[in-house]
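None of the figures in this text is laboratory data; all of them are computed from the coordinates on show. Keep in mind the model is a prediction, meaning the values are calculated, not measured. Every residue, glycine among them, receives a Cβ derived from its backbone with ideal geometry; neighbour counts consider all protein chains shown.
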Amino acid sequence: MNLYQSIARPVLFLFPPEFVHRMVAGILPFMVKVPGVAWMIRKHYCLHDPKLEREVFGIRFPNPVGMAAGFDKEAKLYNVLSDFGFGFVEIGTVTPLGQKGNPRPRLFRLPKDKALINRMGFNNHGIDDFTAQLRKRKARVIIGGNIGKNTLTTNKDAAIDYCHCFRELFPFVDYFVVNISCPNIKDLNKLQNRDELVSLLEQIQEINLSKQQPKPILLKISPDLNPGQLDEVIDIIRETKLDGIVATNTTTLRENLSTPTHIVAKTGQGGLSGEPLRDKSTSVIRYLHKKSEGKIPIIGVGGIGSPSDAREKLKAGATLVQVYTGFIYHGPSLAKQINRSLL
């Protein structure tokens with residue numbers, strides 16, 4: 001057990017999770033402005049070695065460990081997160097207009113399971129504020145832009161929202177992730193139906209291919225899809241010529257939990273992340289990798305809390321991995337631990 005787990009985490013866990021997140025998100029950017037602090041963080045948490053580099057969908061990643069979308073919803077932390085050893089940071093989900101998201105409380109810890117349940121609902125400040133923050137980008141950090149639709153936008157008009165975010169964000173990010181699998185936006189998962197999804201992706205891809213240098217586009221999928229639906233995802237990726245898959249988002253199921261049922265029920269609806277999602281996510285990655293004959297790059301995310309979890313995802317067929325809940329429970333050294341293990 002490291003210092004974070006033995007000292008910092010017990011103190012932080014005395015407070016509501018969303019409050020802690022906002023507090024940390026507010027402190028970190030100011031902390032690294034103190035002369036020498038950013039250098040000290042990089043020296044302690046970053047691990048540089050050519051053996052860690054990965055060439056994926058035309059981008060050279062300094063290492064295969066990234067921060068998943070949801071942690072930096074407002075594009076304010078990506079520079080700081082790169083100081084903690086992440087090879088890339090996925091920001092968002094961003095929507096055209098700012099929105100408050102779902103009513104609070106909407107983020108819950110399940111400490112016995114090293115898990116979180118969230119129903120945040122794409123809370124963010126909107127694409128204009130997002131791009132303003134990205135103008136502060138430092139060259140060294142690779143950024144993925146996770147795009148979505150506003151809650152009040154109907155699925156019929158969803159493509160308008162996604163395309164707007166894509167256009168506005170295009171100059172500022174290295175790759176895109178189309179998020180149609182978040183369980184916390186009403187009816188969003190219906191966009192996973194073949195006809196609607198193909199239409200949406202074709203419209204985004206049309207804009208992309210009109211650019212002088214198109215950027216990689218990935219699709220983020222649910223862990224709750226059955227084999228037939230996963231086969232369909234592979235067909236859609238090929239048909240729309242997307243560059244990869246992010247597997248997976250959070251799950252709506254409540255399986256393999258040690259937390260008492262009445263406590264879980266009290267939290268209500270939302271997406272479950274963390275250790276209980278690990279095996280489900282890995283099985284989806286393994287299935288996609290095998291069925292696509294390893295020809296579709298996969299970013300593996302879901303339940304990574306240790307180096308062995310990350311290696312398991314990579315062995316299953318992921319090319320890159322992302323963490324989020326594991327970062328909350330195991331601390332800021334997680335990326336370095338994974339990278340050291342890979343060496």
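Extension gain His48-Leu14, at 0.36 nm per residue separation less the Cα-Cα distance, in nm?
Result: 8.7 nm gained on full extension.
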Applying a 10 Å radius around every beta-carbon, put 82-93, 324-335, 64-75, 120-131 in order of their mean neighbour count, most first. 82-93, 64-75, 324-335, 120-131
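Please give the calculated 222 nm ellipticity per residue for the chain, where each DSSP H segment of at least 4 residues contributes -39500 (n - 2.57) and the sum is spread over every residue; nearest 500 deg cm²/dmol? Please report the intermediate quantities before stating the final value.
Working: 13 runs with 130 residues, N = 343.
After summing the helix terms and dividing by residue count, I get -11000 deg cm²/dmol.
Rounded, prolate or oblate, given the Cα gyration tensor of the chain, with a/c below 1.5 counting as rounded?
rounded
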Tell me the Kirkwood radius of region 44-141: reciprocal of the mean inverse pair distance over distinct alpha-carbon atoms, in Å. 15.2
Determine how many Å³ per residue the convex hull of the Cα atoms of region 188-249 encloses. 78
What's the local net charge at Ser333, with K and R +1, D and E -1, over the other residues with C-beta under 14 Å away? +4
Between rounded, prolate and oblate, where does region 1-101 land on the alpha carbon gyration tensor, with a ≥ b ≥ c its root eigenvalues, rounded for a/c under 1.5, else prolate if a/b exceeds b/c? oblate
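Write down the percent of antiparallel bridges among all DSSP beta bridges whose residues are both part of the chain, to the nearest 5. Intermediate results must be reported in sequence, preceding the final value.
Working: 14 of 43 bridges.
So the antiparallel bridges amount to about 35 percent of the total.
Arg104 to Gln212: extension gain in nm, 0.36 nm per residue of separation minus the Cα-Cα distance?
Numbers: separation 108, 0.36 × 108 = 38.88 nm, distance 4.34 nm.
Difference between extended and current length: 34.5 nm.
How much net charge surrounds Met120 when only other residues with a Cβ under 11 Å from its Cβ are counted (Lys, Arg +1; Asp, Glu -1)? List each step's numbers first, then the result.
Working: positive: Lys73, Lys100, Arg104, Arg106, Arg119; negative: Glu18.
Taking every Cβ under 11 Å from that of Met120, the sum is +4.
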Exactly which trypsin sites (Lys or Arg not before Pro) in region 81-121 are in a DSSP loop and have at most 16 other Cβ atoms within 10 Å? Lys100
